[in-house]
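The structure appears right after this line, and notes come after that.
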Amino acid sequence: MHNKKSIIVIFIAMIIVLSSIALIFNLNNVNVHGINNKSNALNKSNTVSPVNPAELYKNEPAPMGLADYGIGYNNVPYKYNTTSFLGSAKINSISVINNTTGSNCMTFQFNINLVFYNGNNKYVYWVQDVACVNTSSKAIAFIDNIWNMSSYAFIDNIWNMSSYEANMHNSTIAGNGTIGNSSGTYFYYSRAASTLPGNDKHLTYPATIHFMVNSTVKNGLPELNLMYNDGYGWITYDNPIFKFAKNITADHGFVVDGYNYEPNSYSFYDAELILGGPGGGSSTVDLKSNVNLSIKYWNNHNYQDISNAYNYGSDTAETISNVTSNSRYYISNGSIFENVKAGGGSLSQVYTSHDVSLLNISMPFSNGSVYINGTEHKFVNNGINLTIAPGKYNVKIYDGTTLYKKLNVSLSAGEYLPLNVAKKYNVTFTETGLPSGTTWYVNLTNGQSFKSTNSTITFIEANGTYSYTISTANKIYRSDSYAGSFTVNGKPVSKNVAFSGVTYNVTFTETGLPSGTTWYVNLTNGQSFKSTNSTITFTEINGTYKFAVSADLNYTSNIVSGTFHVNGSNATKSIAFSKSPGIGIIDIIALTGVVAVAAGSAAFVIFRKKK
């Protein structure tokens, strides 16, 4: 509704006037119990410095309701991001008044924060999905405001250094709304068309209003989907696109961060569903109310209730007083919510993960439903994560309409219970080529690793596709399938792996032999190599080798025998040949000066020596 920075600068006067129409949305009454809060006090001695949720509001009037600041048990911060938030407000009764104006109007505000990078520049936007209610006529209407909280002007390449506040411009965003101006700060706002289902209606209590905001990148540009559902189905009433951001380098979606304030130095990366005045920084007084609030975030499997909660927000200047707000849960199914009633209250952290329970179930099928005491929770991507109250529950897991498994679980406060109900199958890798006793490994990219000194490695996995790599301890050997993948689909899987030694070039180079002369390198392991060129090249695995060299003519080498080593790289040896000492035909001519041709065995001997 109102710019977060206006809390510091000035609250402007702007009352939203809404049309009224009727809505009937009846829900069954249900018994509830309070959650025993163990950790209202903030531990200031914590070595990690979190944000301070009491920075802007310490007492009522304040934006009262439900908020996740990223602060958990013992004041320990955390952070997460998501592509979607779901907020719900069940109105059993409500009546408010502004004592100055006499107005009976108020707002339910779903406030979250969008973060993305365009090039090297970080952008942060405060997003509001808002329902305005006239508690006298019970009229309801929906609007959205998006206030840019990217930075002050001192953030480079984002805003002009001459501007105190970051602003929205027509060049920034395009949607069903327009750009407005509040005390010099420009913002985007839009109102749902009165012709849309569920808008401009009259409520009949009890009534439930659902808010949803999704973040996505469409055609390379960040886009938001702002939706509501007050009994007429989900209605998307605006799809604003950040049209300037044509070089998205990181899309964080919606962020909750208890470590850091936003770039303007005092606003929060939080998610909050609160009650407040009707607009323009206005305040109202709770005369009589009974409202249940909940916030869920998309965890890539299902919508999950937040695990830590405060009973007030900070992102908006619209406030309410005479409110008491406490955590509750439904006895029937453990679902957590915040109950708001009229009465004097205080601002506090009302529950943490130490007060609730976390149930994680891994599935053998990609999507289905989990029923907790009869309440359905849909999931995708082979699993579900639920935040529920401590207790004993009957759990039924469905693959489509088929009941897959029944469980009875007992959860205690602060417990995290992981359950794997997926059937698993043997996966066997069989190797050939390794010497007996050699250690080899199958490494899965999900972090699992298996080893053996035998020819087989067997492990179990649930249905799915898995990537792997193969290796050995000494790296002398390598497999023909160094990397690959396998798929488990309701039956065992077998993979064959053939190892061979990792070889390196060994090169002998000779000098001194006449061209075309055959020479030899003989290894004592039985290998023999020859050449009429100046080099002999062959391959070997790591090790130490003995050799001998020789040549056909009457030449000897400077290294008749020796050793060479292969140790993870190519090896070379240089050999120098020289003529052997002895008497040949040319020597005789030089000594006697007489040309004589000998016969018989002498001639044969001379001939042989010349050869």
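Read-outs throughout are calculated quantities, based only on the coordinates presented, and are distinct from any laboratory measurement. Keep in mind that what you see is a predicted model, and the values were worked out from it rather than measured. Neighbour counts run over all protein chains shown; Cβ positions are idealised from the backbone, glycine included.
So the values come out like this:
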| quantity | calculated |
| --- | --- |
| Efficiency of FRET between ASN505 and SER436 - r from beta-carbon atoms, R0 30 angstrom, step 0.05 | 0.60 |
| Neighbour-count ranking [beta-carbon atoms within 10 angstrom, fewest first] of GLU318, GLU376, GLU415 | GLU376, GLU415, GLU318 |
| Value of Rg/Rh across the stretch 503-579 [Cα atoms, Kirkwood radius] | 0.96 |
| For ASP315, ASP305, order by how many other beta-carbon atoms lie within 10 Å, fewest first | ASP305, ASP315 |
| For the stretch 488-541: span of alpha carbons on each principal axis (Å, largest first) | 70, 20, 14 |
| For the stretch 247-370, the Rg and Dmax computed from alpha carbons only, in angstrom | 17.3, 52 |
| Extension gain from GLU55 to THR204, taking 0.36 nm per residue of separation minus the Cα-Cα distance | 49.9 nm |
| Inter-site label distance for SER194 and ASN367 at 7 Å from Cα along Cβ, in nm | 3.8 nm |
| Leading residue at positive end of dipole, the stretch 359-420 (Cβ point charges), from THR402, GLY383, GLY414 | THR402 |
| For ASP238, residues with placed amide H under 5 Å, excluding near neighbours | LEU226 |
| Where N is the number of residues in the stretch 424-501, Cα Rg divided by 2.2 N^0.38 Å | 1.04 |
| Order of ILE336, ILE274 - criterion: other Cβ atoms within 10 Å of each residue's Cβ, fewest first | ILE336, ILE274 |
| Neighbourhood charge, 15 Å Cβ-Cβ cut-off, centred on PHE450 and excluding it, Lys, Arg +1 and Asp, Glu -1 | +1 |
| In range of the label at ASN443: residues from the stretch 453-470 whose backbone nitrogen is under 13 Å from the point 7 Å along Cα→Cβ | 468-470 |
| Segment PHE538-SER494, length gained on full extension (0.36 nm per residue, minus Cα span) | 12.3 nm |
| Full-stretch length increase - VAL421, HIS169 - with 0.36 nm per residue and alpha-carbon distance subtracted | 85.5 nm |
| Local electrostatic count at ASN463 - Lys and Arg +1, Asp and Glu -1, tallied over other residues with Cβ under 11 Å | +2 |
| Relative contact order [Cα under 8 Å, 6+ residues apart], the stretch 359-420, whole percent | 37 percent |
| 18 Å Cα-Cα threshold exceeded, pairs from LYS90/LYS138; LYS530/LYS573; LYS396/LYS424; LYS378/LYS423 | LYS396/LYS424; LYS378/LYS423 |
| Environment charge at ASN525 (Cβ cut-off 11 Å; Lys +1, Arg +1, Asp -1, Glu -1) | 0 |
| Per-selection Rg to Rh, the stretch 205-263 - Cα, Kirkwood hydrodynamic radius | 1.09 |
| Simple label model, 7 Å out from Cα along Cβ direction - THR249 to THR83, nm | 2.3 nm |
| Whole-Å distance, taken between Cα centres, linking the stretch 410-435 and the stretch 76-107 | 43 Å |
